[in-house]
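Student: I'd like to ask you about the structure that follows.
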Amino acid sequence: MVEPINLNKARKARAKAEAKAKGAQNRTLFGLKKTEKIVAEMEAIRAQRKLDQAKRED
């Protein structure tokens, strides 16, 4: 015979897993500090300038 399932526990466990997954996603999207964002933006600008300087004009 199969063990009975407590539906409240199953529902809460599923909600907890979904919240954990959403938290992980938010950490990747919004987890940078202000200084880290500025540094990343400056590096992107520097890389873009380097590419622009290397372009050949014909």
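The values are calculated or read from the model by the stated rules, or taken from the named source; none is laboratory data. Remember, predicted model here, so these are calculated numbers, not experimental data. Here Cβ is always computed from backbone atoms with ideal geometry, including for glycine, and neighbour counts include all displayed protein chains. Side chains are part of the model used for accessible areas, which takes the heavy atoms of the whole protein and leaves out ligands, DNA and RNA. Shrake-Rupley method; radii C 1.70, N 1.55, O 1.52, S 1.80 Å.
Student: Asp52 to Phe30: FRET efficiency via 1/(1 + (r/R0)^6), r the Cβ-Cβ distance, R0 30 Å, to the nearest 0.05?
Tutor: For Asp52 and Phe30, the calculated efficiency is 0.50.
Student: Relative to the present Cα-Cα distance, how much length would full extension add between Ala21 and Met42 at 0.36 nm per residue of separation?
Tutor: Computed gain between Ala21 and Met42 is 4.5 nm.
Student: Using the Cα centre of the chain as origin and beta-carbon charges of +1 (Lys, Arg) and -1 (Asp, Glu), tell me which of Asn6, Ile45, Ala24 is placed farthest towards the positive end of the dipole.
Tutor: Asn6
Student: Just to confirm, what accessible area per residue do you get for the chain at 1.4 Å probe, in whole Å²?
Tutor: Ligands and nucleic acids excluded, the figure is 109 Å² per residue.
Student: As a test of understanding, state the convex hull volume per residue of the chain from its alpha carbons, in Å³.
Tutor: Here the figure is 143 Å³ per residue.
Student: Calculate what fraction, in whole %, of the accessible area of the chain sits on carbon and sulfur atoms when a 1.4 Å probe is rolled over the protein chains.
Tutor: 57
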